[in-house]
Amino acid sequence: MFDCLSVPIGGSDDVAPGDSDRAYLHIVRVLLDAATGTPIDVLLRGEGITNLLQLKHYLKRPGLADDLLSWEHTMDGETVTLNKLQCEDLTAIGPYLTSRMKSAHIDITSRTRDDFDTFVGAEFLPAEPVNNSKVHTKTFTCIFIEDTTRNINATISSPPDDDTYLVSNTEQRNNFKSLIDRGANGGIAGDDMRLICHDTHGRTIDVQGIDNHEIPKLKISSCGAVARTQRGDAILIFNQYAHHGRGKSIHSSLQLEDNSVKVDDRPSSSL
């Protein structure tokens, strides 16, 4: 983790020397979850943004939300655009930084993606009050097109003479990356990992799943990823994984335990 100590003076964006670049990298890579080459990263680099001050000025641009929805970039013959979730993140990151960077001693690099998600769901997209006779709250779990599971805290109003339900737009996003599978005998690297190298002997493996679905000839590889721990971010290296490069990575409990990694994937006893 980086140390970032900044001192705001009045309403200015003054930052301690050297901290702006480090804080900016944390905001982009961790809070916005924008790895190199992803749409947000491509957009910001295209705008010439390399530090926190430039990012703050960019986020104050009039009409930014509309510009983000219509933004596109051609890279390697393919058109890159921002999806709804990425537009929402860029729109919310400015108010988030204003909210979190209020104290005299600022350490924005101690903030996690979960903290940003909580802000977006609880503060940036507040629920509108519903004034009807019967009001109750329920929590729903929904799968969105962006392959993101979200827990929706919905305030539902059911008028006595009307069957129409009114649902507020407050949401708490629960973004998870990798999966653990005790039934798998090997790991599969998805798009939440970065390829380090393929097996020098060119070995491949055929992966078979449910209903005999098979992905043939995946290269055996070493991959890396960033994991969040109670002591900050850590870089993990995964060897002997089948490199798929799409979807969420799947970790084999057996493979991890065979390499002396403790896997706690069993449910806790009910009290």
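The values are calculated or read from the model by the stated rules, or taken from the named source; none is laboratory data. Keep in mind the model is a prediction, meaning the values are calculated, not measured. Heads up, the Cβs are rebuilt from the backbone with ideal geometry, glycines too, and the neighbour counts pull from every protein chain shown.
Checked against the criterion of being in contact with a Cys (Cβ under 6 Å, 6 or more places away or on another chain) and either modelled with pLDDT of 60 or more or farther than 20 Å from LEU25 by Cβ (or both), the candidates ASP107, ASP89, ASP114, ASP76 yield just one match: ASP107. Residue count for the range 74-106, restricted to those that are in contact with a Pro (Cβ under 8 Å, 6 or more places away or on another chain) and either surrounded by 14 or more Cβ atoms within 10 Å (Cβ to Cβ) or closer than 22 Å to ALA35 by Cα (or both): 7. Among the residues that make up the range 232-244, is at least one of them out of contact with any strand residue (DSSP E or B) (no Cβ under 8 Å at 6 or more places or on another chain) and not in a helix (DSSP H, G or I)? Taking every residue of the range 232-244 in turn, at least one turns out to be out of contact with any strand residue (DSSP E or B) (no Cβ under 8 Å at 6 or more places or on another chain) and not in a helix (DSSP H, G or I). Test PHE140 against the stated conditions and say whether it is hydrophobic (A, V, I, L, M, F, W, C), in contact with a helix residue (DSSP H, G or I) (Cβ under 7 Å, 6 or more places away or on another chain) and modelled with pLDDT under 85. Against the criterion (hydrophobic (A, V, I, L, M, F, W, C), in contact with a helix residue (DSSP H, G or I) (Cβ under 7 Å, 6 or more places away or on another chain) and modelled with pLDDT under 85), PHE140 does not qualify. Sort out which residues of the range 92-104 are at pLDDT below 85 and among the polar types (S, T, N, Q), and write them in order of number. SER99, SER103, listed by residue number.
GLN255 falls short on exactly one of the conditions (1) outside any strand (DSSP E or B); (2) farther than 16 Å from GLY183 by Cβ, and that condition is (2).
Okay, residues lined up against (1) at pLDDT below 90; (2) within 24 Å of ASP117 (Cβ to Cβ); (3) not assigned by TED's automatic domain parsing to the domain that holds GLY37:
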site: LEU166; (1), (2), (3): yes, no, yes
site: ILE188; (1), (2), (3): no, no, yes
site: ASP192; (1), (2), (3): yes, yes, yes
site: ILE205; (1), (2), (3): yes, no, yes
site: ASN212; (1), (2), (3): yes, no, yes
site: SER222; (1), (2), (3): no, no, yes
site: VAL226; (1), (2), (3): yes, yes, yes
site: ILE235; (1), (2), (3): no, yes, yes
site: GLY247; (1), (2), (3): yes, yes, yes
